[in-house]
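Some notes on the structure that comes next.
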Amino acid sequence: MEIRREVFLFVLDSSEEFSVEDAQILENLKGKNVIIVLNKQDKKTVLSSSYISEKTGIMPEDIIPLALPKDGEQSGISALEDRICNKFVSAPS
């Protein structure tokens, strides 16, 4: 079993456009273990998982939609936890 030492969570507000700054940050994270969290899925969304994957080349399974509304149902937490665990521990090749 291989233990990976780090994972980067990059949180994007999915109700806002993908910016030049977002692209620069992702460029700096290239080659690293990255999970993109598309936050605010409970609002009107502008960013989608497929758009981010096409724009960045990050695999769709590393893009997690998340909604944590104050008065509504939360979604995405379990998927995020699972993906973080999978990034830290992987089966041998």
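As a quick test, which of the pairs Lys40/Lys87; Lys43/Lys87; Lys32/Lys87 have an alpha carbon distance above 20 angstrom in this structure? Could the numbers behind the result be given before it?
On the way: Lys40/Lys87 23 Å; Lys43/Lys87 28 Å; Lys32/Lys87 11 Å.
Over 20 Å apart, Cα to Cα: Lys40/Lys87; Lys43/Lys87.
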Per residue Cα convex hull volume in Å³ - calculated over the chain: 100
DSSP beta bridges in the chain [antiparallel fraction, %, rounded to 5]: 25
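Using Cα-Cα distances under 8 Å and only pairs 6 or more residues apart, what relative contact order does the chain have, in percent? Before the final figure, lay out each step's value.
Working: 133 pairs, mean separation 32.5, N = 93.
Reported as a whole number, the value is 35 percent.
Rounded to a whole number, what % of the accessible area of the chain do carbon and sulfur atoms account for, probe 1.4 Å? Numbers along the way, then the final one.
On the way: 3140 of 6320 Å².
The nonpolar share, carbon plus sulfur, comes to 50 percent.
What does the highest-first list of 79-87, 56-64 look like by mean Cβ count within 10 Å? Before the final figure, lay out the partial values.
Details: 79-87: 14.1, 56-64: 16.6.
Result, highest mean first: 56-64, 79-87.
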Helical contribution to [θ] at 222 nm, DSSP H n ≥ 4, -39,500 (n - 2.57), averaged over the chain, rounded to 500: -9000 deg cm²/dmol
Potential extension, Asp71-Arg5 segment - 0.36 nm per residue separation minus Cα distance: 20.2 nm
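What dipole magnitude, in Debye to the nearest 20, does the stretch 18-75 give about its Cα centre under +1 on Lys/Arg Cβ and -1 on Asp/Glu Cβ? Mind dumping the intermediate values first?
Numbers: 7 positive and 9 negative charges, 19 e Å.
The dipole of the stretch 18-75 has a size of about 80 debye.
The values are calculated or read from the model by the stated rules, or taken from the named source; none is laboratory data. The model shown is predicted, which means the values in this text are computed figures rather than measured ones. All Cβ positions, glycine included, derive from the backbone under ideal geometry; neighbour counts span all protein chains shown. The protein model used for the area step is the full one, side chains on, heavy atoms only, and it has no ligands, DNA or RNA in it. Shrake-Rupley method; radii C 1.70, N 1.55, O 1.52, S 1.80 Å.
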